[in-house]
Amino acid sequence: MSGERVQHTSYSVDVAAPAGVVYALLADTTQWPLFVPPSIHVERLDFDGTHDRFGMWATAGGTVTSWVSRRSLDPARRTIDFHQEVPAPPATALSGRWEVAELAGGRSRLTLHHLSLI
């Protein structure tokens, strides 16, 4: 592990939609191919209302790749923590958090925190 590098990235965007609507779209991974351009197909493997496990196929670097992720959903805080079970090389770990914050005027701020070990 001494040769691994930690990469932490955060992205935020203001959205012209209420925070509850934005959170609901993120929470339902089966709908991602409709609005997340690299997504091709998402298959829910397990879901108990709070914990989610799904397989995803997406384009990356001109090829189709797939992985399985686990998530913990917190609708009250509008956060979703996630990690890939087996990340694609060169990453040895990949995880993060989605946060949806309510703004004035029916708008919201969507933030993605992304952490990987390479």
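With a 1.4 Å probe and every protein chain kept in, tell me what percent of the accessible surface of region 6-117 is carbon plus sulfur. Carbon with sulfur: 58 percent of the solvent-accessible area. Recomputing Cα Rg over 2.2 N^0.38 Å from the coordinates shown identifies the correct label among (1) 1.10; (2) 1.05; (3) 1.22 as (1).
For the options Gly61, Gly96, Gly105, a Gaussian network treatment of the chain with springs between C-alpha atoms closer than 10 Å singles out Gly61 as fluctuating the most. Working from label points 7 Å from Cα in the Cα-to-Cβ sense, the Thr50 to Val86 distance is 2.9 nm. Compared with the alpha-carbon gap, the fully stretched path from Glu4 to Thr111 is longer by 36.0 nm at 0.36 nm per residue.
A Förster distance of 35 Å, applied to the separation of the beta-carbon atoms of Ser66 and Ala104, puts the FRET efficiency at 0.30. For region 17-27, putting each phi into the Karplus relation 6.51 cos²θ - 1.76 cosθ + 1.60 with θ = phi - 60° gives couplings of 7, x, 4, x, 5, 4, 4, 4, 5, 5, 5 Hz, in residue order, rounded to whole numbers and with x for Gly and Pro. Taking a Cβ cut-off of under 12 Å around Asp28, the surrounding Lys, Arg, Asp and Glu residues balance to a net charge of +1, with basic ones at +1 and acidic ones at -1. Note on region 71-118 and region 8-42: Cα centroid distance 10 Å, given to the nearest whole angstrom. Taking the charge dipole of region 52-112 about its Cα centre, with +1 at Lys and Arg Cβ atoms and -1 at Asp and Glu Cβ atoms, the residue from Trp98, Gln84, Phe54 reaching farthest to the positive side is Trp98.
Normalised per residue, the accessible area of region 34-87 is 61 Å², obtained with a 1.4 Å probe and no contribution from ligands, DNA or RNA. The modelled label-to-label distance for the pair Trp57/Ile40, using points 7 Å beyond Cα in the direction of Cβ, is 0.5 nm.
The values are calculated or read from the model by the stated rules, or taken from the named source; none is laboratory data. Predicted, not measured: the structure shown is a model, and the values here were computed from it. Neighbour counts are summed over all protein chains in view; Cβ atoms, including those assigned to glycine, are modelled from backbone coordinates with ideal geometry. To get the accessible areas, we keep the full protein, side chains included, count just its heavy atoms, and leave off ligands, DNA and RNA. Shrake-Rupley method; radii C 1.70, N 1.55, O 1.52, S 1.80 Å.
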